[in-house]
Each structure stands twice: as structure tokens, then as C-alpha cells.
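The values are calculated or read from the model by the stated rules, or taken from the named source; none is laboratory data. All values derive from a computational prediction rather than experimental measurement. Glycine also receives a Cβ, built like all others from the backbone with ideal geometry; neighbour counts cover every protein chain displayed.
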Amino acid sequence: MERQRATFVHHGLMACLGLLLSCIVAHAQNNKYACSEPDPQSLCNAGNTCGSFFKSCSVDVKRDDYGSSSTPDIPNAKGDGTFCVNTGTTIVWKSTQKNTGFVVDFGPSSPFGSEDAIIGSGKHSVSVTATEPGCYKYSAGACISGAPQGMCGSVTAEAIIIAAGSD
């Protein structure tokens, strides 16, 4: 019985992620991943910069009342706010929410050297290293396993990758 439930939960989560991924792919085809900031690095400061070359930056992707949120591990960080990292910083995408799957997509231009979406869950975090400086919009979506169909949410946010040695 427990094995059947685990299989049902797994298949439900995969179905939600598949639906969410197809929505994100459709969103990416609309070319909405270009940042609008004229000088994005000027927005970065100690209060919104996450991690360093020596310390990873964790970003928690969760389903919330309004859709989903992505929050970096910066003191007093607001969900879906613009955050900065230096090139060479490892970003750990995770969900601290139980039974939650997530998809993070940077579209055709990614700061990680791959166009592949980042897919993880509450039990599976994904680490990537920022290599390409610039301002990037991304879409983050989350689904809670066992939730009614259509109960996934997504959000668009920005990440700024600062070139090493720039201030």
C-alpha cells in the first residue's frame, strides 16, 4: 500500500512538472528573458548579493498562495527580488517545502553555460555555477505533489551575474 502511494505521488509530481515545464517553454518562446536594466551591476550591493567564490548561494523555490516564489539566502531577502552573484559562485536551487517539485528556466541565454531548465524537488537540489556576467530574467515554477491539477505556480524574477573583480 505504501509503495502504491509513493508511486502515485511520484507520478503526480512528474505530471505537474511536465505541465509546468511546457508552460515555461511557451513563455521562453515569447523572448521575455531580456532584462530591462540599463546598468544592472549598479543595482548590486552587500544587501542583495548572495554567496561568493568560496560560499554557495542557495535559492529556495516554493509554491505559495499567489503562485510560487524564489528567495535567495540573503538576510531580509524578499521573494522574487533581484539578486546578484559573482561569476564563479555556485547557486544551489532547492525547495524547503515538502513534496514540492520545481523548474527554473533562464531561456535560451543562461548564465550557467547550458540552456537546459533546472529541475529539482524538495529531496533533490540542483547546483550550477554562474559563468556568464549579465542580467538574466528567469522563470521559477513549483508544484506540490497531490495538489489538484492546475495548482502549480510560476513567477519571473531577475538574477545579475557580476564579472569577477568588478565593483
Could you look through the stretch 112-122, keep only residues that are surrounded by fewer than 20 Cβ atoms within 10 Å (Cβ to Cβ) and over 12 Å from the mean Cα position of the chain (by Cα), and pick out the one that is nearest to GLY88 (Cα to Cα)?
PHE112
Which is over 21 Å from PRO40 (Cβ atoms), in contact with an Asp or Glu (Cβ under 8 Å, 6 or more places away or on another chain) and at pLDDT below 95, of GLY146, GLY153, GLY113, GLY122?
GLY153
Are there any pairs with C-beta distances below 7 angstrom linking a residue in the stretch 101-127 that is within 15 Å of CYS143 (Cβ to Cβ) and without any contact (Cβ under 8 Å) to a residue 40 or more places away in the chain to a residue that is part of a strand (DSSP E or B) and hydroxyl-bearing (Ser, Thr, Tyr), with the two at least 6 apart or on different chains, and if so which?
GLY122/THR100
Exactly one of SER125, SER95, SER109 is within 26 Å of PHE53 (Cβ to Cβ) and surrounded by fewer than 17 Cβ atoms within 10 Å (Cβ to Cβ), and that one is SER109
